[in-house]
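Taking it in order: structure first as structure tokens, then the write-up.
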């Protein structure tokens, strides 16, 4: 990941394009296909049974997000997943996941603490003449 904080990356200019690109099921299918075998739009379209034009549009979105790159190989334009970019996205999501794990662990610890030493609600203490009862 870059020297920026996870929050800066998540809220940065490119984050919307990245997550929008990954939000579409067909684009994720294209990524899976390209991870297996880099190829041109026509071959991807045949494998996924989608029109070549649709695949080309999806590939442009993935390229704009920096997730896929294309290079000329002879007369073909071959697309490849940018492994470093996918790793960067994975690392970022890992940071977010670890933050949620810490929060959930705190909630679980508080629930266990309350379960071990249950406090009676204030209304119960007042009715029984406990410490909080008015004199």
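The values are calculated or read from the model by the stated rules, or taken from the named source; none is laboratory data. Remember, predicted model here, so these are calculated numbers, not experimental data. No Cβ is skipped: glycine too gets one built from the backbone with ideal geometry, and neighbour counts run over all protein chains shown.
Tabulated data for the structure shown
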read-out	value
Residue within segment 7-24 that is touching a residue at least 24 places away in the same chain (Cβ under 8 Å) and more than 15 Å from the chain's Cα centre (by Cα) present	no
Some residue of segment 92-100 being over 21 Å from the mean Cα position of the chain (by Cα), modelled with pLDDT of 60 or more and over 30 Å from residue 69 (Cα atoms)	no
Output for segment 29-65, where each listed residue is surrounded by 14 or more Cβ atoms within 10 Å (Cβ to Cβ), within 27 Å of residue 12 (Cα to Cα) and in contact with a strand residue (DSSP E or B) (Cβ under 7 Å, 6 or more places away or on another chain)	31, 34, 59, 62, 63
Residue within segment 47-59 that is in a helix (DSSP H, G or I), under 15 Å from residue 19 (Cα atoms) and either in contact with a helix residue (DSSP H, G or I) (Cβ under 8 Å, 6 or more places away or on another chain) or without any contact (Cβ under 8 Å) to a residue 24 or more places away in the chain (or both) present	yes
Sole residue being at pLDDT below 90, in a helix (DSSP H, G or I), more than 30 Å from residue 3 (Cβ to Cβ) and more than 16 Å from the chain's Cα centre (by Cα), chosen from 109, 43, 133	109
